[in-house]
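Take a look at the structure below.
The values are calculated or read from the model by the stated rules, or taken from the named source; none is laboratory data. Note that the structure is predicted; figures quoted are calculated from it, not measured. All Cβ positions, glycine included, derive from the backbone under ideal geometry; neighbour counts span all protein chains shown.
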Amino acid sequence: MDECESCLEKVKKDYEQYRMKYNLPEFDKLNQDFAIEKISEIETDLLLREVRKFIADRLSNYMRFIEGLLNPANASIFTFSICKTFNLEDKKEIEDMFKELMRLEIELMEIDIQYSEEKEANFIKNSFEKWSSFKTRWKKIVDVVKKNWDNRLESGNKGYFG
């Protein structure tokens, strides 16, 4: 076993103790969604904080992308093209997901201000549950984009060129 494998195994072992203590999701499930295995490259005494950071990064990336969909004032042509595929119901669903991501972002700020192992664990558990629901909802939005992509681009091919 090389050094990286042993580091990953140690992280998994350490995480398992927290998992049992706080009823957290399994390491492998978190790793599939948030690539937390990279924590094995980081030396830390605050493992839950590092796990939370990986989760926060993924959530923040989606929040920023959705923000661009909801407010495409300075968005890319790609973002505008995606926006054209949505109906009012889709936009409402995207707004609801954005609000949930904003709540998580505010929760992150609170945890950043004052460290608490228990709050870190609760965030990991709660955000994983919300992410599971979010993935299903976001998949439906992606399906809408894929379904309407060709129709919307062909019918609305009146781009602005200054």
- Query: In the stretch 85-108, how many are in a helix (DSSP H, G or I) and either exposed (fewer than 15 other Cβ atoms within 10 Å of the Cβ) or without any contact (Cβ under 8 Å) to a residue 40 or more places away in the chain (or both)?
  - Reply: 14
- Note on the structure: Conditions (1) part of a helix (DSSP H, G or I); (2) under 19 Å from Ser132 (Cβ atoms) -> Ile111 fails only (2)
- Of Ser81, Ser60, Ser127, Ser132, the only residue that is modelled with pLDDT under 90, part of a helix (DSSP H, G or I) and either loosely packed, with under 11 Cβ neighbours inside 10 Å or among the polar types (S, T, N, Q) (or both) is Ser81
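When the stretch 39-48 is examined, which residues are found to be touching a Phe, Trp or Tyr at 6+ places or on another chain (Cβ under 8 Å) and surrounded by fewer than 16 Cβ atoms within 10 Å (Cβ to Cβ)?
Leu46
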- Query: Among the residues of the stretch 135-162 satisfying the criterion of being more than 23 Å from Phe54 (Cβ to Cβ) and either part of a loop (DSSP other than H, G, I, E, B) or hydroxyl-bearing (Ser, Thr, Tyr) (or both), which is modelled with the lowest pLDDT?
  - Reply: Phe161
